[in-house]
Every structure is written in structure tokens, then in C-alpha cells.
1. Could you work out the per residue convex hull volume over the alpha carbons of the chain, in cubic angstrom?
2. Using a Förster distance of 35 Å, how high is the FRET efficiency between residue 4 and residue 59, based on the Cβ-Cβ distance and rounded to 0.05?
3. Just in region 105-173: which GluC sites (Glu not before Pro) are loop by DSSP and have at most 15 other Cβ atoms within 10 Å?
4. Are there any trypsin sites (Lys or Arg not before Pro) in region 152-186 that are in a DSSP loop and have at most 13 other Cβ atoms within 10 Å? List them by number.
5. Using the Cα atoms as the points, what is the convex hull volume per residue of region 1-62 in Å³?
6. Provide the descending list of Cα extents for region 134-235 along its principal axes, expressed in whole angstroms.
7. As an exercise, identify the trypsin sites (Lys or Arg not before Pro) in region 1-79 lying in DSSP coil whose Cβ has no more than 10 other Cβ atoms within 10 Å.
8. Across region 195-206, in residue order, what do the Karplus-derived ³J(HN,Hα) couplings come to in whole Hz, using 6.51 cos²θ - 1.76 cosθ + 1.60 with θ = phi - 60° and x for Gly and Pro?
Amino acid sequence: MNRDISELLDEWPFESGKLNVRMIPGIDGRPRLQIRLDLGLIQMHVEGRPDGLRPEGFESLLHLLEHRLALADDLAADAAGGEGGDAEFAEADAGERVGTLDTEQCQALRDEAAQYYHRYVALLGVEEYLSVIRDTTRNLRVLDLCRARADAEDDREALEPIRPYITMIRTRATVGWLLGRGEQKAAVWTIENALDELREILESRDEPNAFESSTEVQMLRSMREALLPQLPVSQKAELRERLKEALERENYELAAILRDELRLMGDESGPKRGSA
């Protein structure tokens with residue numbers, strides 16, 4: 001069998017400056033995702049692990065380790081509930097044995113998460129929004145698991161810097177899916193909720209102006225500004241009512257946000273600060 005892929009590369013030339021992605025049927029009938037690079041191509045499975053492996057029969061290493069940790073929790077609970085047992089000692093002992101993740105396991109989870117990262121970026125390029133939501137949500141689970149269960153502080157914090165980015169990509173995909181269904185209002189609310197989530201994440205860091213200087217925040221705000229003029233007139237009335245309620249509660253920060261949204265929609269009739 002000739003293993004030279006030159007014919008495949010010639011049939012799909014690399015185009016600089018763009019994401020070269022396509023979906024093809026696999027020989028088993030299941031779809032594959034291909035990314036054309038300048039020096040070749042990458043092919044990934046669309047379901048399960050991108051490389052198609054199933055660690056010990058599980059969908060991914062994340063699923064395997066979640067299963068093991070759940071078993072450890074159950075064993076600790078059983079030991080704690082045993083007759084004459086010491087609950088605190090049993091939980092600590094089980095946690096030390098199998099209830100945490102060592103550095104090797106955390107590194108393996110990070111390596112696996114990198115595969116999913118390459119896939120969800122490619123899937124976003126072909127507008128497979130539900131699959132992007134699935135993969136970004138899955139990678140956020142990796143961050144949560146490492147933060148909660150890693151033995152070493154470095155492993156607990158290693159992936160936290162990319163949490164805002166994954167949150168932003170998931171939001172972009174959710175907005176894309178909602179817009180495809182004509183749900184402009186839900187898309188705007190999705191962005192606002194994500195901005196609230198990013199504020200909580202970024203303001204917990206010891207970095208001045210982390211929220212305002214965040215690239216992810218700026219991107220989501222730009223998306224919101226582009227969407228607001230598309231909202232129907234009836235939603236302007238709803239925003240004016242929310243602005244009035246915010247002012248009555250003296251929630252001036254929210255009022256300022258709502259007033260800006262009304263201005264972006266071409267509405268200058270909202271109540272001013274201090275009005276009833």
C-alpha cells in the first residue's frame with residue numbers, strides 16, 4: 001500500500017491566512033475533521049477523543065479518572081459509615097490513596113485537553129456550534145477537576161489562565177447556534193451572562209483592571225454591540241423597563257449598562273439617573 005499523501009495535499013492546497021478545515025466521511029462511515037497545514041494535514045474524530053482512543057474503554061481519560069474518583073468517594077463514604085468506623089480518618093485515607101490526581105495524571109489530562117482544543121477551534125471554523133459547546137464544556141470540566149483534586153498546587157492552577165478563553169469560545173458557539181435559530185434576544189442574554197461569569201473569574205485574580213483589559217471581555221462586548229441593533233422594537237421597551245427598575249433600586253452600575261445598550265439600539269429616551 002502506497003502511504004504517500006502527496007495526492008491528498010495536492011487536491012487540497014493550503015491557503016495562508018485562513019483556517020483550512022473540512023469535514024469528510026471516514027472509511028467506517030463516521031465523519032472526520034481535517035485541518036490543512038502548510039506542511040501536511042491533521043485528521044481527527046468528531047466524536048469521543050479526537051485521536052479515536054478509548055482509555056480502558058472509556059470515552060476519554062477525563063471520563064476514566066472521573067470514574068475512579070467517584071469510586072474512591074464511594075469507598076470513603078462506605079468506610080465512614082461502617083460500624084465503629086472513624087469517618088474523618090476514612091475519608092482522609094481514601095483521598096490520599098486514590099481520591100486525588102498526581103502530577104502525571106494532571107499532565108495527561110492537559111495533553112488530552114489540548115487535543116480537544118484543536119478540535120473545537122476547527123469545529124468553530126465550520127460552524128459546528130453544538131460540537132464546540134460540547135468540547136469547551138468538557139475542557140472546563142478538566143479545569144474544575146484539576147483544581148479540586150490535584151495533589152500539587154501547580155497542577156491545580158496550571159490551566160486556570162485559559163478559563164476565560166474557553167468561556168469566551170463556548171459563548172461564541174452558543175451565540176452562533178442561537179442566531180441560527182433566530183434567537184437574537186437569547187444570544188444577547190447569553191453574552192451578558194458570560195460577561196458576568198468572566199467578571200467573577202477575573203476579579204478574583206490579584207491583577208488590577210484584569211476584567212477591563214481582558215481580550216475575551218472586549219470580544220464579547222463587540223459581539224453584543226453588533227447584536228443589539230438587531231433586537232426588535234418591543235425589546236427596547238423591555239430594556240427601558242429594566243432600566244427604570246434598576247434606577248428605582250439605585251443599582252446605578254446596571255442602569256449604566258442598560259442605558260448604553262439602549263443607545264446602541266438608537267434609543268435615547270431612557271430615564272436619566274435619579275428619575276422615577
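1. In the chain, the Cα convex hull volume per residue is 219 Å³.
2. Taking R0 as 35 Å, the efficiency between residue 4 and residue 59 is 0.55.
3. Those that pass, being in a loop and sparsely packed, are 127.
4. Taking region 152-186 and a limit of 13 other Cβ atoms within 10 Å, the loop trypsin sites (Lys or Arg not before Pro) found are 181.
5. Working: hull volume 7.8 nm³, N = 62.
About 126 Å³ per residue, rounded to a whole number.
6. For region 134-235, the Cα extents along the three principal axes come out at 53, 32, 17 Å.
7. 3, 18
8. Along region 195-206, the couplings run 5, 4, 5, 5, 4, 5, 5, 6, 6, 7, 8, 8 Hz.
Taken together, the values in this text are just the output of simple stated rules run on the coordinates, not laboratory data. Model, not experiment: these values are computed from the prediction. FYI the Cβ positions are ideal-geometry reconstructions off the backbone, even for glycines, and counts take in every protein chain you see.
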